[in-house]
1. What do you reckon, is G63 open to solvent by less than 70 Å² (accessible area, probe 1.4 Å) and at pLDDT 90 or above?
2. Would you point out which residue out of A107, A99 is outside any helix (DSSP H, G or I), more than 17 Å from S33 (Cβ to Cβ) and touching a His at 6+ places or on another chain (Cβ under 8 Å)?
3. Give segment 120-140 a look and list any residue that's more than 30 Å from I68 (Cα to Cα), of a type outside the set (V, I, T), touching a residue at least 24 places away in the same chain (Cβ under 8 Å) and not in a loop (DSSP other than H, G, I, E, B), or say none.
4. Please go through segment 86-105 and pick out each residue that is open to solvent by less than 20 Å² (accessible area, probe 1.4 Å) and in contact (Cβ under 8 Å) with a residue 60 or more places away in the chain.
5. Take the residues of segment 66-85 that are β-branched (V, I, T), free of Cβ contacts under 8 Å to residues at least 12 places away in the same chain and assigned to a helix (DSSP H, G or I): which is least open to solvent (accessible area, probe 1.4 Å)?
6. Which number in (1) open to solvent by 50 Å² or more (accessible area, probe 1.4 Å); (2) in contact with a Cys (Cβ under 6 Å, 6 or more places away or on another chain) marks the one condition that S39 misses?
Amino acid sequence: MSRNAVWLKGCLILFSAMAILAFGLTKTGRTTSGRFVGSAACAECHEQEFQNFKKFSKKAHSGESVKIMASDLTTEELAECYACHMTGFGQPGGFVSFAKTPEMGEAGCEVCHGPGYDHVESEGDTDLIKGDLDLEDCTGCHNPDRVEAFDFKPLLYGGAH
């Protein structure tokens with residue numbers, strides 16, 4: 001068998017395996033579009049949690065601190081801030097700018113629970129959102145470098161729920 005035939009056969013096998021895997025995951029509800037919708041969409045079904053988040057959680061106002069510092073930061077530094085302080089920065093449906101997507105200008109529900117579009121569209125399929133959180137879910141943003149740099153004192157239960 002020629003090299004091209006072997007390569008083509010390998011590609012077909014790989015493509016077939018990927019198609020079977022994608023179909024299987026879609027049927028179990030475990031794939032998502034990765035699209036963000038904003039915390040207001042969560043409020044429709046999770047009213048009490050949303051009200052607690054808005055009232056008690058510092059994350060609900062995290063964009064304000066970025067606005068204050070923005071003029072002193074480079075584009076790269078600002079992007080680092082946006083990654084934690086905004087909802088879905090650089091992702092489908094996520095934060096673009098305070099002018100274009102002001103509703104995403106905070107660390108909203110989806111920063112911790114994951115993109116919510118598919119969860120909302122499915123009318124609440126719990127397989128399409130991360131419901132139970134643990135400390136490991138926090139360490140992407142709350143890591144030792146950032147804690148030390150900003151003298152951050154984390155609240156494990158910041159009143160969001």
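1. Values: open to solvent by less than 70 Å² (accessible area, probe 1.4 Å): yes; at pLDDT 90 or above: no.
No; evaluated as a whole, the condition is false for this residue.
2. None of the other options fit; the residue is A107.
3. Hits for segment 120-140 are D127, L128.
4. Hit for segment 86-105 is M104, nothing else.
5. Initial filter on segment 66-85 (β-branched (V, I, T)): 66, 68, 74-75.
The next check asks that each one be free of Cβ contacts under 8 Å to residues at least 12 places away in the same chain; those that pass are 68, 74-75.
Now narrow it down to the ones that are assigned to a helix (DSSP H, G or I): 68, 75.
Numbers: I68: 133, T75: 110 Å².
My answer is T75.
6. Of everything listed in (1) open to solvent by 50 Å² or more (accessible area, probe 1.4 Å); (2) in contact with a Cys (Cβ under 6 Å, 6 or more places away or on another chain), S39 misses just condition (1).
The values are calculated or read from the model by the stated rules, or taken from the named source; none is laboratory data. Predicted, not measured: the structure shown is a model, and the values here were computed from it. No Cβ is skipped: glycine too gets one built from the backbone with ideal geometry, and neighbour counts run over all protein chains shown. Remember, those area values only see protein heavy atoms, side chains included, never the ligands or the DNA or RNA. Shrake-Rupley method; radii C 1.70, N 1.55, O 1.52, S 1.80 Å.
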